[in-house]
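Worksheet for the structure shown next.
The values are calculated or read from the model by the stated rules, or taken from the named source; none is laboratory data. All of these numbers come straight from a predicted model, not from anything done at the bench. Cβ placement follows ideal geometry from the backbone for every residue including glycine, while neighbour counts extend to all protein chains displayed.
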Amino acid sequence: MSNRRACWRSVWRLRVLEAAIEGVLTPLRSIQEFMAAGGFVLWWIFVAAVLLWTLILERYWFFRRVLPQRRQAVKQQWMARVERRSWTARRVREALISQVDASMNVTLPVIQVLISLCPLFGLLGTVTGMIEVFDVMALKGTSDARAMAAGVSRATIPTMAGMVIGLSGLLSINRFRKRVKVETERLGDELAYTG
């Protein structure tokens, strides 16, 4: 009786393990099929997207964790000054605000370039996919619908991926620009000329 239970337990464990492995591999196969359907350009878009979202997450981290500390250090540096009304003090204030502003804007140009690059990669995928369709049409005429469908797939998937990534990045960079403007104005107000 106990051998039978042990046998069923081992079979059950094996099936659970197989189901877990299959559950992990199925999405990976889907991603691999998606990337294969999109062609080589989709890999470029993927690399650009990873880089873009790494920089976007870094900026979110900066605004949430680093900027408050930096703003506090600048305020302490300003309040440590004895006089805050002279021409020199005004230039020091402007320099402090500019330093914080520059640290907020440091990766925004790279993010903007990547946002612009993703749809262009998508268009490159469209061109290469359409070239593939025309090659199939030249070799086999319009009779090979499967080969033409693969080319159309290679034409549309990168375009869609590039647009989605570009739009998601565009939303983030607009938020960052508004935040930079607000934080710069807030810091300017906090560093008053009184003293």
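Points worth noting:
- Qualifying residue in region 80-92 (condition: among the acidic types (Asp, Glu) and in contact (Cβ under 8 Å) with a residue 60 or more places away in the chain): yes
- The residues in region 53-84 that are over 17 Å from VAL110 (Cβ atoms) and either in contact with a Ser or Thr (Cβ under 7 Å, 6 or more places away or on another chain) or surrounded by 12 or more Cβ atoms within 10 Å (Cβ to Cβ) (or both) can be counted, and the count is 12.
- Flag: ALA49 matches the condition of being crowded, with 17+ Cβ neighbours inside 10 Å and in the same structural domain as ASN174 (by TED's automatic domain parsing).
- Checklist (1) touching a residue at least 24 places away in the same chain (Cβ under 8 Å); (2) more than 27 Å from CYS118 (Cα to Cα) applied to ARG65, failing item: (1)
- One residue alone among THR88, THR159 is loosely packed, with under 13 Cβ neighbours inside 10 Å and not assigned by TED's automatic domain parsing to the domain that holds GLN32, and that residue is THR88.
Conditions (1) farther than 13 Å from ILE56 by Cα; (2) outside any helix (DSSP H, G or I); (3) hydrophobic (A, V, I, L, M, F, W, C); (4) out of contact with any His (no Cβ under 6 Å at 6 or more places or on another chain), marked per residue:
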{"position": "ARG154", "(1), (2), (3), (4)": "yes, no, no, yes"}
{"position": "THR159", "(1), (2), (3), (4)": "yes, no, no, yes"}
{"position": "GLY162", "(1), (2), (3), (4)": "yes, no, no, yes"}
{"position": "SER168", "(1), (2), (3), (4)": "no, no, no, yes"}
{"position": "ILE173", "(1), (2), (3), (4)": "no, no, yes, yes"}
{"position": "ARG179", "(1), (2), (3), (4)": "yes, no, no, yes"}
{"position": "VAL182", "(1), (2), (3), (4)": "yes, no, yes, yes"}
{"position": "GLU185", "(1), (2), (3), (4)": "yes, no, no, yes"}
{"position": "GLY188", "(1), (2), (3), (4)": "yes, no, no, yes"}
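- Scan of region 59-97 for residues that are charged (D, E, K, R) and not in a loop (DSSP other than H, G, I, E, B), ordered by number: ARG59, ARG64, ARG65, ARG70, ARG71, LYS75, ARG90, ARG91, ARG93, GLU94
- The single residue among ILE115, ILE111, ILE56, ILE131 that is at pLDDT below 95 and assigned to a helix (DSSP H, G or I) turns out to be ILE131.
- Answer residue from region 9-59, given it is in contact (Cβ under 8 Å) with a residue 60 or more places away in the chain and of a type outside the set (A, V, I, L, M, F, W, C) and is farthest from ILE157 (Cα to Cα) among those: ARG59
- Residue in region 127-143 that is polar (S, T, N, Q), under 28 Å from the mean Cα position of the chain (by Cα) and closer than 25 Å to GLU33 by Cβ present: yes
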